[in-house]
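The values are calculated or read from the model by the stated rules, or taken from the named source; none is laboratory data. Since we're looking at a predicted model, the values are computed, not measured. Here the Cβ is made from the backbone with ideal geometry for all residues, glycine too, and neighbour counts use every protein chain on show.
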Amino acid sequence: MSHWIKNNKKKFYLIIICFCFLILLKSWLIKQDETRYLEIGGPKITLDSSQSKSAKKKSKPKITKTNESIVQLDNSDKNIISTWKNTQWKPVETKQEEPHYTNFNSDSTDRIEMKQAFSNALAIEDKLIEEWWLDSVSSNEIVGYLSNKSTDQYFKVHLRWLKDKGWQPTVASELIKLPDTY
């Protein structure tokens with residue numbers, strides 16, 4: 001037999017490869033056959049009506065007025081210190097024309113106007129604001145993850161584009177830390 005292997009090395013290796021392929025194919029087919037009989041959907045659960053009512057109550061934010069214009073919002077996120085909105089926030093007057101397409105380039109008119117809106121929302125000079133991450137929530141909404149350079153406070157601010165008016169803050173939150181992933 002060893003004489004045949006020496007004379008027919010290519011054939012021998014081809015037979016070994018085919019044999020290995022058949023073993024892999026057989027194990028794959030067995031695995032496919034086993035999965036056919038697994039229950040789909042996992043374990044069955046039932047909902048307790050008392051739990052679903054309490055979950056609905058938690059989804060609505062608790063609102064507390066601290067003065068005439070600032071409204072504190074309740075938030076269950078453990079990374080958020082406080083969340084608020086100000087009924088007197090106005091959009092930053094824009095120099096842009098409609099139709100508006102958000103431009104995230106660092107020197108764009110959008111970024112300059114966004115930074116001014118962040119400054120208005122946080123009552124911090126725009127030169128003290130460090131922008132860590134900006135993300136588009138929808139075609140007319142963004143969220144910015146920011147910090148105050150002088151106090152090391154972290155914030156998350158939502159802005160909405162108002163047609164022909166500009167970027168307006170909608171909600172602001174003070175964070176314990178910036179998220180690991182945005």
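One table, with the values for the structure above:
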| item | result |
| --- | --- |
| Failed item, numbered, when GLY166 is tested on (1) under 19 Å from PRO91 (Cα atoms); (2) under 15 Å from the mean Cα position of the chain (by Cα) | (2) |
| Test for GLY166: is it farther than 26 Å from SER76 by Cα, of a type in the set (Gly, Ala, Ser), touching a residue at least 24 places away in the same chain (Cβ under 8 Å) and surrounded by 14 or more Cβ atoms within 10 Å (Cβ to Cβ) | yes |
| Residues that are of a type in the set (S, T, N, Q) and free of Cβ contacts under 8 Å to residues at least 12 places away in the same chain, drawn from the range 86-104 | ASN103 |
| Selection count, the range 128-180, where residues are in contact with a Gly (Cβ under 7 Å, 6 or more places away or on another chain), of a type in the set (A, V, I, L, M) and more than 19 Å from HIS100 (Cα to Cα) | 1 |
| Subset of the range 145-163 that is farther than 18 Å from LYS85 by Cβ and among the basic types (Lys, Arg) - its residue that is modelled with the lowest pLDDT | LYS149 |
| Some residue of the range 165-175 being within 24 Å of ILE70 (Cβ to Cβ), in the same structural domain as ILE70 (by TED's automatic domain parsing), at pLDDT below 90 and not β-branched (Val, Ile, Thr) | no |
| Within the range 68-90, considering residues that are among the polar types (S, T, N, Q) and surrounded by 15 or more Cβ atoms within 10 Å (Cβ to Cβ), the one nearest to MET114 (Cα to Cα) | ASN86 |
| Answer from GLU93, GLU125 - the residue that is modelled with pLDDT of 90 or more, out of contact with any strand residue (DSSP E or B) (no Cβ under 9 Å at 6 or more places or on another chain) and surrounded by fewer than 14 Cβ atoms within 10 Å (Cβ to Cβ) | GLU125 |
| Matching strands (runs of 3 or more DSSP E) fully within the range 64-182 where at least 2 residues are charged (D, E, K, R) | 129-138, 154-162 |
